[in-house]
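Asker: A single structure is presented below for examination.
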Ligand SMILES: [Zn+2]
């Protein structure tokens, strides 16, 4: 019965694009990916050529079939059974599917619908996403279940609903907190995303949630951080922190509250982001006792840091984020409008963002990156999360940028891949199923023609710029195939479909991407 539904739904997916290339194929009774170099998520160095055998959605064997530069001995290779499928990946690279630990599935102000978001993610090799609050639990759980059955083109989704959402009123007692946590679990959530609450409510909610075995994430919003920083969270059993707020506060030596100017107003987004950019310099210095003690305690508590560096990058270099080359073809008009400077849109803090703010943020990044890199070096778990759909950061593309920023923080490229795959799987409690290419795990993989360890930019949907021997400028890379649950998706075709959506929307609206202040904003205002 289940199988019939699956086949029907896949047929449906194909029929939506009758005149175009097939966007997905499989699963197969047997799939062999032949001759690739394996870059695994478990910290292992690249090795190849390997043949990877998959049956339906499970990896059955990973076989070393030779040596670089030596012809493969066919006798050593696994045989294709009748009805099986082969991918010749000789000279290519295979990696585990990426885990995005911070992926919001669009929403109304951005005008980004699931199909658009999912194709951008899958087009960049992201096969698992943790959604840290979204458009209501029923909306998310529905998508999660459809993705589980592969009825839609989407990464597997882990739903972390916003604490208190759907409760009808603010949670104001420990009993209400526990009640909400139980209800959240019952509705099919995988965890909770906190923004902050009174300490006793945080404690009760985390205790109840942990007893049910669910995960937790927290954006330590400034409004509550004076009484509850990252250390309080980790000690009370929070499993992962998002972004970075709450961490400098745990490192304060000579103050308990950040140095807010007297005219500060949290609802003024320029105030909020500008002062945040001066936070790390107010914390304990790298290598100081306080710095070391906080870091060691967090490592000891098996706490996960999900920095989402990329979503703050516009703070240190607005023009870079704003002029990213993918905006023209991949950013929806509604999303572009949402990014524009505004006193009312979240993350559109460009009231008068200039040299002073960017310089402060560059210093902020240096200290923050120093902490995160050292955290990794001392055995702490660091994951990759994107938080796209805000601040000029686009789904999928921003995830690749996050890999580059971890590299900038000091991670070895193999450490970056590990953060993006196995670490994410561990943080989600899914490392028995996904996160590396090992026997018995689900067949979630990325196949790409270029070596991402040499240059992460080859993972961008727009590819990396490369001058060839004939002095011709070419684009190389872009994920070729994203495999999820043994189903092969043509990643480039997924991205072409996104381009078509954007083109269609622009035609309907007679719209072109423009730069702030050079034309009237037309919607959202
Ligand atoms: Zn977020």
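Asker: Over all distinct alpha-carbon pairs, what is the Kirkwood Rh of region 23-64 in angstrom?
Answerer: Mean inverse Cα-Cα distance, inverted, gives 11.0 Å.
Asker: Another question about this same structure. Would you work out the relative contact order for the chain, in percent, from Cα pairs under 8 angstrom that are 6 or more residues apart? Display every interim value, and only then the final one.
Answerer: Details: 1074 pairs, mean separation 105.4, N = 525.
Reported as a whole number, the value is 20 percent.
Asker: Could you list log10 I(q)/I(0) for region 92-213 at q = 0.17 Å⁻¹, which the Debye formula gives when each Cα is one point scatterer?
Answerer: -0.85
Asker: Next question. Using only the alpha carbons of region 367-525, determine the length spanned along each of the three principal axes and report them from longest to shortest in whole angstroms.
Answerer: Sorted from largest, the Cα extents of region 367-525 read 51, 38, 37 Å.
Asker: Let me ask you something else. Any chance you could give the angle, 0 to 90 degrees and rounded to 10, that helix 174-186 forms with the longest Cα principal axis of the chain?
Answerer: The two axes meet at around 10 degrees.
Asker: On a 0 to 90° scale, report how tilted helix 397-409 is relative to the longest principal axis of the chain, with both axes built from alpha carbons and the result rounded to the nearest 10.
Answerer: Its long axis makes an angle of about 70 degrees.
Asker: Averaged over every viewing direction, what's the projected area of the C-alpha convex hull for region 390-476? Give it in nm², one decimal, please. Write out the running numbers ahead of the final one.
Answerer: Working: hull surface 30.0 nm².
Convex hull of Cα atoms, orientation-averaged projection: 7.5 nm².
Asker: In which sequence would 315, 345, 211 go, from the one with the fewest C-beta neighbours within 10 Å to the one with the most?
Answerer: Fewest to most other Cβ atoms nearby, the residues stand as 211, 345, 315.
Asker: Among 481, 163, rank each residue by its count of other Cβ atoms within 10 Å, from fewest to most, as a rough exposure measure. Mind showing how you got there, number by number?
Answerer: Details: 481 21, 163 25.
Arranged by neighbour count, lowest to highest, 481, 163 become 481, 163.
Asker: Computed on alpha carbon atoms, what radius of gyration and Dmax characterise region 261-414, expressed in Å?
Answerer: Spelled out, the Cα radius of gyration and Dmax of region 261-414 are 16.4, 49 Å.
Asker: Using Cβ contacts closer than 10 Å as the measure, can you line up 120, 518 from fewest to most? Walk me through the numbers on the way to the answer.
Answerer: Numbers: 120 27, 518 6.
By the 10 Å Cβ count, ascending: 518, 120.
Asker: For region 443-515 and region 36-68, write down the distance between their C-alpha centroids in whole Å.
Answerer: Comparing the Cα centres of region 443-515 and region 36-68, I get a distance of 24 Å.
Asker: Same structure again: Counting helices only, and only those DSSP H runs with n ≥ 4, report the 222 nm mean residue ellipticity of the chain as the sum of -39,500 (n - 2.57) divided by its residues, in deg cm²/dmol to the nearest 500.
Answerer: Working: 18 runs with 177 residues, N = 525.
The per-residue figure over the chain is -10000 deg cm²/dmol.
Asker: Also, I was wondering about something else. So if I restrict to the alpha-carbon atoms in region 197-294, what is the Rg, and what is Dmax, the biggest pairwise distance, in Å?
Answerer: Over region 197-294's Cα set, Rg and Dmax evaluate to 14.4, 44 Å.
Asker: Just to compare against my own numbers: the Cα pair-distance distribution for region 239-310, 10 Å bins, whole % per bin, please.
Answerer: 18, 46, 30, 7
Asker: Which value, to two decimals, describes the C-alpha radius of gyration of the chain once divided by 2.2 N^0.38 Å?
Answerer: Cα Rg divided by the expected 2.2 N^0.38 Å: 0.97.
Asker: With angles folded into 0 to 90 degrees, how steeply does helix 355-377 sit against the dominant principal axis of the chain? Use alpha carbons for both and round to 10.
Answerer: 60 degrees
Asker: Using the per-residue mean of other Cβ atoms lying within 10 Å as a proxy for protection, in what order, highest first, do the peptides 370-379, 176-185 fall? Working shown, then result.
Answerer: Values: 370-379: 18.1, 176-185: 19.8.
Highest mean packing first, the order is 176-185, 370-379.
Only the coordinates and a few stated rules stand behind these numbers; no lab work does. Predicted, not measured: the structure shown is a model, and the values here were computed from it. Here the Cβ is made from the backbone with ideal geometry for all residues, glycine too, and neighbour counts use every protein chain on show.
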